[in-house]
Structures are given as structure tokens and as C-alpha cells.
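The values are calculated or read from the model by the stated rules, or taken from the named source; none is laboratory data. Here the structure is a predicted model, which means the values were calculated and not measured. Here Cβ is always computed from backbone atoms with ideal geometry, including for glycine, and neighbour counts include all displayed protein chains. SASA here: full protein model, heavy atoms, side chains in, ligands and nucleic acids out. Shrake-Rupley method; radii C 1.70, N 1.55, O 1.52, S 1.80 Å.
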Amino acid sequence: MATFVPATDRRVRSPHLPFGDRRETPYYGMDILSVLQFRREDLEYIFGVAKEMRSMVERVGTFDLLKGKILANLFYEPSTRTSSSFLAAMERMGGSVIPINEVTYSSVAKGESLPDTIRTLQAYADVIVLRHPEVGSAQLAAQYASKPIINAGDGVGEHPTQALLDLFTIEEELGRVDGLTVTMLGDLKYGRTVHSLARLLASFEVRINYVSPEILPMPEEVVGELEHRGIPQARAASLEAVLPETDVLYVTRVQKERFQDLEQYEQVKGAYVITPETLRRAKDEMIVMHPFPRVGEISTEVDADPRAAYFRQMEYGLYVRMALLAMVLGKA
Ligand code: ASP
């Protein structure tokens, strides 16, 4: 598919429309590159489909909606949840997957360029999920692909499908998004999930607090975008200062792999640890989220607290990714 497709102008550009595909479905053939392409009505639609997916999985486990469809799962960076949930999503719907998780064993290790790899995979697959260390890589891939590209994380840029599942988690757990106070904690500079989530939340009436080590603030670019959209944001000096008013505490890990200077990483890596003691000052009705992996930011003793939503968050991710695959393949 060509690069960025605005939500208002999605058109099918593939001349080949496989039998049974419904060209008129609004998301058919769409790339998912950034959360900025989604408006509130798109989100409602996605979450509606995700709920249908959940009830299908609960009732029948697997079904044939994507029978005969093939996903290329192309990961140039490590992944556990994103790659396996896309794989599970495809298989739950009867499709199949070309898993390329270890690019050292593919031609990439021989120096193949991203455009060549994408052009190759689109000859075999109907949709490509891409994780790559460079910002803008998914946009680049989309320029070379006539099949939908789904951005599964482009370096420190965005992680749109994670943000969609995060938002779905908030809505399902707390029953609403408008009116909530969301506190983002940890590495806000390099954490792509918080970049995407903050942008997505800007479509709602929320307040956002940022709590981070001084050297890892939310990028000015994101803060500026949200400011422009009228979202109240505050940089808080400490978690204690904002925890009592927080409805969603979104914790992130310090992204070690993004640091040039590992000594700097060592200085900030243990900056925040959520324990049962921390949560004593939190509301009874709030949730703690984390995109995972956690590397010490949330003690395992918190897991038993009903407010710990991070394992449920992973399951919501399956349904959202099922919905997105079905939508871009013209089946929802
Ligand atoms: N799994 C998430 C990501 O790929 C979060 C993280 O790695 O910390 O961005």
C-alpha cells in the first residue's frame, strides 16, 4: 500500500481482489502506521469488532474468517507479545503465518534492504506486520508494498497496535475514557508505546501526567501536539504527587537498548518500582498497566492486586489484533 492513508480517504488500490473479499469494507487494504490515522469513530468500530472477536474465541476458539490468508510477521527487533499475539490472532481466524523473528537467519543478514525484503514478502503474503529499529521504517515499507503494512514498533517512534489495545483495555476495565486522569511513568523519551498512547488519548477528554527521570521526558513533539489539541498535561516531580488522582497508571521500562551511554542507563534504571506499598495511596478503582516486558518496575507482589491489569491487557491485545487483521483484509 502507499504511505499514510487518512481515515477519511481509504481506497483500495490493489487491482487484485481475491474472491470473497469485500471491497466496500471501510478499512480494506489500509496500512496501520500511526495512531494519528484514527478518529474516535474508527476506535469505536475497531473495539466493536474486537468484542466480537472475543466472543467468537470464547465460544468456538478458532474459526475460518481468514482461511487462506497469509501474514508475514517480520521482526527486526525482539518481541514476545506482539509477534505471538499476531500469530495467534491469525491462527485463531484460520489463517497462516510466515514468521521471520530472527533476521540473522534471513537474507537481511546478507545485507538485503528493507524495500527488497518487503517486495519479496508481499509476493507471498496478504499482510505484513513489521517491527524495525528505525523511526519511519513502516512508512518506508508501505511505499514499496501493495499489501497492508502494520507497524509493530518503529524504533522510538510509534507502536500503534499497542496503543489501540491499551485504549481498549482502559475502556473495558474502567468503562470509559473521557474524564480519566492517566499517569505515564518511566522512560517517556524512548518508550514508543507512550508516544502512541498519548497521541491516541488526545481524541478524548483526559488529563495526562508525566513522571520520568529528568533525562527521559516525553518528547516535546508529542507534548506540543497534545497541547495543540487542548489536552491538559503536567510534568509531575514525583509519582506520590499525582498517584491519588490517577485512574490509569501506565508504567514503562527504561529502554536499555536505546542508550548510547550505558552508564547513563545504570543511573536511571531503578528509578521507579511499584510495590503494594505504593498502591496504598492509589484509588480503589484504578488500573495499573504496562506494555511489558517489565524489568523490575512493578514488583511481582503487585500481581495479585485486582488493579494490576497488565496480564489482562495482553489478552485484550489478541482481540484487537484479530480485529485489525480482519479489517485490513476486508473481512470485518
Ligand atoms: N514491548 C513494548 C515495545 O515493543 C514495550 C517495551 O519493549 O518496553 O515497545
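Miscellaneous remarks
- Considering residues of region 183-215 that are open to solvent by 20 Å² or more (accessible area, probe 1.4 Å) and within 13 Å of the chain's Cα centre (by Cα) only, the residue nearest to the ligand (Cβ to nearest atom): Arg192
- Within region 131-144, residues that are part of a loop (DSSP other than H, G, I, E, B) sit with their Cβ atoms under 7 Å from residues that are open to solvent by 20 Å² or more (accessible area, probe 1.4 Å), at 6+ positions apart or across chains, in these pairs: Pro133/Tyr76; Pro133/Glu77; Val135/Val156.
- Selection count, region 158-182, where residues are in contact with a Ser or Thr (Cβ under 6 Å, 6 or more places away or on another chain) and surrounded by fewer than 24 Cβ atoms within 10 Å (Cβ to Cβ): 1
- Ser79 under 19 Å from the mean Cα position of the chain (by Cα), in a loop (DSSP other than H, G, I, E, B), among the small types (Gly, Ala, Ser) and surrounded by 14 or more Cβ atoms within 10 Å (Cβ to Cβ): yes
- Restricting region 114-130 to residues that are touching a residue at least 24 places away in the same chain (Cβ under 8 Å) and hydroxyl-bearing (Ser, Thr, Tyr), the residue that is nearest to Tyr76 (Cα to Cα): Thr117
- Checking each residue in region 262-280 for being assigned to a loop (DSSP other than H, G, I, E, B) and open to solvent by less than 70 Å² (accessible area, probe 1.4 Å) picks out Gly270, Ala271, Tyr272, Thr275.
- Residues satisfying the stated conditions in region 229-261, i.e. touching a Pro at 6+ places or on another chain (Cβ under 8 Å), under 24 Å from Val302 (Cβ atoms) and open to solvent by 20 Å² or more (accessible area, probe 1.4 Å): Arg253
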